[in-house]
Amino acid sequence: MKHNSNLTRLGKDYHWLKDVHNKRKERSIKIGIETIEFLVREGIAVTYSNIHKHSKNIDPKGKGIHQNTVRENKVLYEQYKKYSKSYKVNSIRKKPTLPSKFDETTLRSFSLERDLKLVKKKYMKMTKDELVNRLIEVEQYIVKNQNRWITNQFEEFK
């Protein structure tokens, strides 16, 4: 497909486009901040969808702002982070977990009579990182005990 060369205007200065962009950006920031303040004042959760939905009522044109505008605009995103409880909960949840303090006594306390449903329930509550760390620790324990057993068997054979 051939492109018409006079449609592509590479290298030209679009100062008028920058003015339009800045006006729209300022409008989005103004409406977004007013919407977030409204949500906080009314006790409504500050979420992307609530900002989008309620911004239509605040915007004189009735258009409102899109959810991605909040995500991509630094000023609006900072306001969102400041007042959003869901953002705070998710950021706390995403913190890296420290490896658990592995203790051989916990492995010795395992028995064949334990309730496997409760054990499964306990493991399902753990994060992926916690499970991986736990698995590595158990494997290390098994390897150490195998080496210890082999060494003892070899010494008894002498």
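The values are calculated or read from the model by the stated rules, or taken from the named source; none is laboratory data. Only a predicted model underlies this, so the values are computations on that prediction, with no experimental measurement involved. When we count neighbours, we look across all protein chains shown, and the Cβ atoms used for this are built from the backbone with ideal geometry, even at glycine. For accessibility, only protein heavy atoms count, side chains too; no ligands or nucleic acids. Shrake-Rupley method; radii C 1.70, N 1.55, O 1.52, S 1.80 Å.
Worth a mention:
- Being assigned to a helix (DSSP H, G or I) and either open to solvent by less than 100 Å² (accessible area, probe 1.4 Å) or modelled with pLDDT under 85 (or both) is true of residue 69.
- Annotation note: Cβ proximity below 8 Å between a residue of region 54-67 that is over 14 Å from residue 36 (Cβ atoms) and of a type outside the set (Val, Ile, Thr) and a residue that is assigned to a loop (DSSP other than H, G, I, E, B) and open to solvent by 90 Å² or more (accessible area, probe 1.4 Å) (sequence gap 6+ or interchain) occurs for 56/63.
- Residue within region 129-142 that is open to solvent by less than 60 Å² (accessible area, probe 1.4 Å) and aromatic (Phe, Trp, Tyr) present: yes
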